[in-house]
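The numbers here are math on the coordinates, done by the rules we state, and not lab data. Predicted model only: the values in this text are computed from it and were never measured. Every residue, glycine as well, gets a Cβ built from its backbone with ideal geometry; the counts of neighbours run over all protein chains shown.
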Amino acid sequence: MRILYLLFAVLFLLFQAAPGSADPIFADTAECRSQGNFCRVGACPPTFTASGSCHGGLLKCCSR
């Protein structure tokens, strides 16, 4: 019975996906993040300005 717990743990580690690996990579998102900016839904925080879009225009790229 102890082997089942070990087998489950090994299978879990083998099939574990990296976070965000299933998300498609958009060109505008990669460009925003490469410049040190971040993507956000809605308005940017008060000290940031919207400098573009992310995720195909669904999000805003916020920069200082």
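FRET efficiency for Ile25 and Ala50, Cβ-Cβ distance as r, R0 = 25 Å, nearest 0.05? It comes out at approximately 0.75. Tell me which label goes with the value of mean projected area of the Cα convex hull in nm² computed from the coordinates here: [x] 3.6; [y] 5.1; [z] 6.4. Matching entry in [x] 3.6; [y] 5.1; [z] 6.4: [z].
A helix-only calculation puts the chain at -10000 deg cm²/dmol for mean residue ellipticity at 222 nm, using -39500 (n - 2.57) for each DSSP H run of at least four residues, averaged over all residues.
If packing is taken as the mean number of other Cβ atoms within 10 Å per residue, what is the order of 41-52, 3-14, highest first?
Details: 41-52: 11.6, 3-14: 8.9.
In descending order of packing, they fall as 41-52, 3-14.
Across the range 55-64, rounded Karplus estimates of 3J(HN,Hα) from the backbone phi angles (6.51 cos²θ - 1.76 cosθ + 1.60, θ = phi - 60°) give 6, x, x, 7, 10, 9, 8, 9, 9, 7 Hz, Gly and Pro being marked x.
Phi-derived couplings, Karplus 6.51 cos²θ - 1.76 cosθ + 1.60 at θ = phi - 60°, listed residue by residue for the range 25-40: 8, 8, 5, 5, 5, 4, 5, 4, 6, 5, 8, x, 9, 9, 9, 8 Hz, with x used for Gly and Pro.
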